[in-house]
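Derivation of every value follows stated rules applied to the coordinates shown; laboratory data play no part. Values in this document were obtained by computation on a predicted structure and should not be read as measured data. Quick reminder, even Gly has a Cβ in these numbers, built from the backbone with ideal geometry, and neighbours come from all protein chains shown.
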Amino acid sequence: MRIGVPKEIKTHEYRVGLTPAGVRELAHHGHGVLVQQGAGAGAGFPDDAYRDAGATLVEGAAAIFADADMVVKVKEPQPAEIAMLRPGQVLFTYLHLAADKTQTEGLLRSGATCIAYETVTDNAGALPLLAPMSEVAGRMAVQVGAHCLEREQGGAGILLGGVPGVPPAKVVVIGGGVAGTHAAGMAVGLEASVTILDKSLARLKELDLQFGPRATTLFATTEAVEHAVLAADLVIGAVLVPGAAAPKLVTRAMVRQMRPGSVLVDIAIDQGGCFETSRPTTHAAPTFIEEGAVHYCVTNMPGAVPRTSTFALTNATLPFVLALADKGWRQALAGNPHLAAGLNVHEGRITHPAVARALGLSHVPVQDVLAPGVIV
């Protein structure tokens, strides 16, 4: 198979779909890999490293999309990239379609087979290709939140960990999954006062054992969320419903009642955001002030640390890329129900029920797309 790795073109996105080591592994399996010149430069991978790993370097994305059987990316395809997709081609990347009807419609028109990292599952019901970027985003959320609390950034001028004689900032993390756990760990490490809210009692017990007296865990009722948010200096939204739009757990009325200069970091913005006042931002202009609070809603947070992120992402995606390349997408999905859960769009049809529900559209079950008689 010919695998193409284009340069990411989303604003301030410096990650790349595969490391040179990932390319070498694919080449070792007998596959051809096309890498766009300069694709890895932002993550510290020069063209020569890809060439030495066995890739063919090409100039421009058009050559990648024209010649590759499968395109491996990081972020959702931008309009110019969607226009280059074609029927029979496989796209393997983050999509986050539930919050993006325009992209969905473009992918449907393309006729391509689109497999989303964020809905691939594992035996435990977790999301193994979302997890590494959730880890990065969770840790980054505390870094950027602390920075946004500085007065020069519009914040209240509060040091996250305080100093002797001065209390630390109150950090509230909504969602105790991968991103929320890593955010809480960073905040605890900086000696903030940390509260974690989640709807799973089992997960709260795990978090209580992990953090002990260094963090408070609360069951996420509407009242508990409101009480915690109104007292917070920094709120981190780390809510995830796989494949679906994020619920709006923090209302505009809550934000309006927060202390002026409080900060909200919405990790869930890729899925529409979990704050009613959120709107997508970029690394070029990452924040805005709404109802007196600083909002950080960058849709590709891990893109700010592309070298770490690219290594982490390739570690997770490479086994699936190899399976798709070695077996072909249909056989790979038929033999692995967890990878099959990643199929979102195929030949003009939505195949993921949560995506379809979020957009008010119909869908075709994955098993109907695969060979007759195959159980997924």
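Close amide H pairs (under 5 Å, H built 1.01 Å from N) link Gly111 with Gly348, residues at least 5 positions away or on another chain.
How much length, in nm to one decimal, is gained on full extension between Ala83 and Ser362, taken as 0.36 nm per residue of separation minus their Cα-Cα distance? Numbers along the way, then the final one.
Details: separation 279, 0.36 × 279 = 100.44 nm, distance 2.31 nm.
Separation in residues times 0.36 nm, less the Cα-Cα distance, equals 98.1 nm.
Both the radius of gyration and Dmax for the chain are 21.1, 69 Å, in that order, over alpha-carbon atoms. Across the options Ala39, Leu370, Gly106, the greatest Cα extent toward the positive end of the charge dipole of the chain (unit charges at beta carbon of Lys, Arg, Asp, Glu) belongs to Leu370. Of Asp47, Asp326, the sequence from fewest to most neighbouring Cβ atoms within 10 angstrom is Asp326, Asp47. Approximating the spin labels as points 7 Å out from Cα along Cα→Cβ, the Arg252-to-Thr216 distance works out to 2.9 nm. Seen against the Cα atoms of the chain and their longest principal axis, helix 222-231 is set at about 70 degrees.
Relative contact order for the chain using alpha-carbon pairs under 8 Å, separation at least 6, rounded to a whole percent?
With pairs under 8 Å counted, the relative contact order is 18 percent.
Take every DSSP beta bridge whose two residues both sit in the chain; close to 20 percent of them are antiparallel. Checking the cross-link pairs Lys10/Lys248; Lys75/Lys205; Lys73/Lys205; Lys205/Lys248 against a 32 Å limit on the alpha carbon distance flags Lys75/Lys205; Lys73/Lys205 as lying beyond it.
Of the residues Gln210, Thr282, Val188, the one whose Cα sits farthest toward the positive end of the charge dipole of the stretch 132-299, with +1 on the Cβ of Lys and Arg and -1 on the Cβ of Asp and Glu, is Gln210. Let's test the formula: R0 of 35 Å, r as the Cβ-Cβ distance of Glu276 and His28. What FRET efficiency results, to the nearest 0.05? Calculated transfer efficiency: 0.10. Checking every one of the trypsin sites (Lys or Arg not before Pro) in the stretch 160-238 against DSSP loop status and a limit of 15 other Cβ atoms within 10 Å picks out Lys199. Calculated mean residue ellipticity, 222 nm, the chain: -10500 deg cm²/dmol, from DSSP H runs (n ≥ 4) at -39500 (n - 2.57) each, averaged per residue and rounded to 500. Only the Cβ atoms of Lys and Arg (+1) and of Asp and Glu (-1) were treated as charged; on that basis the dipole of the stretch 67-137 about its Cα centre amounts to roughly 180 debye.
Between the Cα long axis of helix 131-148 and the first principal axis of the chain there is an angle of about 40°, rounded to the nearest 10.
Under a 5 Å amide H cut-off, with hydrogens placed 1.01 Å from N, Thr217 pairs with Ile196 among residues at least 5 apart or on other chains.
Under a model in which nothing but the beta-carbon of Lys, Arg (+1) and Asp, Glu (-1) is charged, the chain shows a dipole of about 280 debye around its Cα centre. Using DSSP, restrict attention to beta bridges with both residues in the stretch 132-299 and report what percent are antiparallel, rounded to the nearest 5. Taking every DSSP beta bridge with both residues in the stretch 132-299, the antiparallel ones total about 20 percent.
Couplings for the stretch 263-278, taken from phi via the Karplus curve 6.51 cos²θ - 1.76 cosθ + 1.60 with θ = phi - 60°, read 10, 10, 10, 9, 5, 7, 4, 4, 9, x, x, 10, 10, 5, 8, 6 Hz in order; Gly and Pro are left as x. Return one number: the angle in degrees, 0 to 90 and rounded to the nearest 10, between the long axis of the Cα atoms of helix 101-110 and the longest principal axis of the Cα atoms of the chain. The answer is roughly 10 degrees. Relative to its residue count, the stretch 132-299 spans a Cα convex hull of 102 Å³ per residue.
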